[in-house]
Amino acid sequence: MQYNKSKYKYCKWKQNWLKKQSERRKDNDAENISNSFQKNGWIKYGLFMGAFSFISMSLLWPLALGDEIRQKSVLIAIPFWLLTGLGYGFTMKLIYRKKKAKS
C-alpha cells in the first residue's frame, strides 16, 4: 500500500509512523500462518464450543431466568451440545480448507 507522503508532510508523527510501519511489515509472514484446524485441532475447538454452549445455555440461562435446572434436561443437553460443537468445528475445518485452497 502506497502512502502519499506529501499529504502528511505537516505531521511529523505521521511520517515517523509510516517509517516504522514499513519496517513492521517486513517481518509479517501472513501467508504461513499455521492452521489451527489441522489434524485434531477441529475436535478440540468443537469440544470447547460444545462445552461453552452447554454451560451457557443449559446451566446459566435457566439460572438467569429463574427456572430450575432439571437432571433430564441436562442429560439430554450434554450430547446435543457436544455433537453440535463437533459439527461446528468440522464445518470450520472445511471452510478454512476451502479458503486456503483458493489463495
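Hey, does region 71-87 have a residue that's modelled with pLDDT under 90 and hydroxyl-bearing (Ser, Thr, Tyr)? No, there is no match, as no residue in region 71-87 is modelled with pLDDT under 90 and hydroxyl-bearing (Ser, Thr, Tyr). Residues in region 48-103 that are free of Cβ contacts under 8 Å to residues at least 12 places away in the same chain, surrounded by 12 or more Cβ atoms within 10 Å (Cβ to Cβ) and among the small types (Gly, Ala, Ser): Ser56 only.
The values are calculated or read from the model by the stated rules, or taken from the named source; none is laboratory data. Keep in mind it's a predicted model, so treat the numbers as computed, not measured. Here the Cβ is made from the backbone with ideal geometry for all residues, glycine too, and neighbour counts use every protein chain on show.
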